[in-house]
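The values are calculated or read from the model by the stated rules, or taken from the named source; none is laboratory data. Keep in mind it's a predicted model, so treat the numbers as computed, not measured. Ideal geometry is used to build each Cβ from the backbone, glycine not excepted, and the neighbour counts take in all protein chains shown.
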C-alpha cells in the first residue's frame, strides 16, 4: 500500500484545510444556540453508528479484515460531501456544517477509541508496528485538527476571497478524495473485486440502516424536517479519506481499506436516492 500510504495523509490534510476554510466561529456557536438538534446528530453519529456497525459484523460473521474496515468507516465523522448533499436535499446546512466541524475535531479521540475497542472485542492482533491509541490520536491531530484551525485562521484574514471561492475549494477537496480511491483501486486491482464482493453487502446495510434510523430518531427528537434530512445524511456520508488514513496507519493489508472504498461508492448512490425521495417534503 505504498502509494496509498503516501497519498492519504497529504490528501486528508488538504481536505481538512478546505473544511477549515469553509468554517467560522459561528459554526461552533450553533452547538450552544441549537443544542437539541446538534445533540441528536452527534449521538447518532458517534454512538449509534458504531453500535449498528458492530451488530452487522456479528450478524454477518464478517472476516476480520472486512469487520475492522467496517468499524473504521463507522468511526469516521461526516465529511464535506454531507454538507453539499444536505443543501441539495433542502436540509439544515448550518447544522450539517456544525456537525461536520465538531465531529472532525472530536474524531482525534473518538476514532482511535472506537477502532481499538472494536479490535479488542473482535480479537484482532495484526496491528502494524507499535501502534497505540495515543499515537494515532497525535497523527490525526496533525492531519485533521491543525489543518482545520489553519483554514479557519486563513478564512478570518481573507473572508471575502474565501467565501467567493468556496465552490472551487469544495471541488478541489472532492478531487483529492477521488485520487485516494483511485490509488486504492490501482494498487489492489487484482484483489479489489473479491474484497468488494465481501464488503459490499455489509456497507450497503450499514448505510441504509443508519440513514433510516437517524431519520426516524430525528423525527421524534429534532426540531423539524430540514434537521431530519441533515442528521440522516450526516450519518450516511462518512469521511472516507480519514478512514483510509487511519486504516493505513494501523494495518498493513489493503483489505482493511476496501470497506471504505465500497462505502464511498455506495453512499453517493443511496444518498442521491434519499435526496430524491425527500427533497420536496417540507
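Between 47, 56, 43, the distinction of being surrounded by fewer than 23 Cβ atoms within 10 Å (Cβ to Cβ), under 15 Å from residue 110 (Cα atoms), in contact with a helix residue (DSSP H, G or I) (Cβ under 9 Å, 6 or more places away or on another chain) and at pLDDT 90 or above belongs to 43 only. The number of residues in the stretch 120-145 being at pLDDT 85 or above and crowded, with 17+ Cβ neighbours inside 10 Å comes to 0. A single member of 57, 40, 52 is within 20 Å of residue 30 (Cβ to Cβ) and touching a residue at least 12 places away in the same chain (Cβ under 8 Å), and it is 40. Every test in (1) within 17 Å of residue 67 (Cβ to Cβ); (2) at pLDDT below 85; (3) part of a helix (DSSP H, G or I) is passed by residue 241 save one, and that test is (1). Taking the residues in the stretch 1-13 that are surrounded by 19 or more Cβ atoms within 10 Å (Cβ to Cβ) and assigned to a helix (DSSP H, G or I) as candidates, determine which candidate is modelled with the highest pLDDT. Among those that are surrounded by 19 or more Cβ atoms within 10 Å (Cβ to Cβ) and assigned to a helix (DSSP H, G or I), it is 13.
Only one of these conditions is not met by residue 269: (1) over 30 Å from residue 141 (Cα atoms); (2) assigned to a helix (DSSP H, G or I); (3) modelled with pLDDT of 85 or more. Which number is it? The failed condition is (3).
Might you let me know whether the stretch 167-183 holds any residue that is at pLDDT 85 or above and either within 24 Å of residue 26 (Cβ to Cβ) or in contact with a helix residue (DSSP H, G or I) (Cβ under 8 Å, 6 or more places away or on another chain) (or both)?
Of the stretch 167-183, the ones at pLDDT 85 or above are none.
The answer is no, given that none of the residues of the stretch 167-183 is at pLDDT 85 or above and either within 24 Å of residue 26 (Cβ to Cβ) or in contact with a helix residue (DSSP H, G or I) (Cβ under 8 Å, 6 or more places away or on another chain) (or both).
Count of the stretch 188-214 residues, restricted to those that are crowded, with 17+ Cβ neighbours inside 10 Å and modelled with pLDDT under 65, is 3. Set side by side, the residues 100, 34, 24, 86 differ, and just one is surrounded by fewer than 23 Cβ atoms within 10 Å (Cβ to Cβ), closer than 27 Å to residue 278 by Cβ and in contact with a helix residue (DSSP H, G or I) (Cβ under 9 Å, 6 or more places away or on another chain), which is 34.
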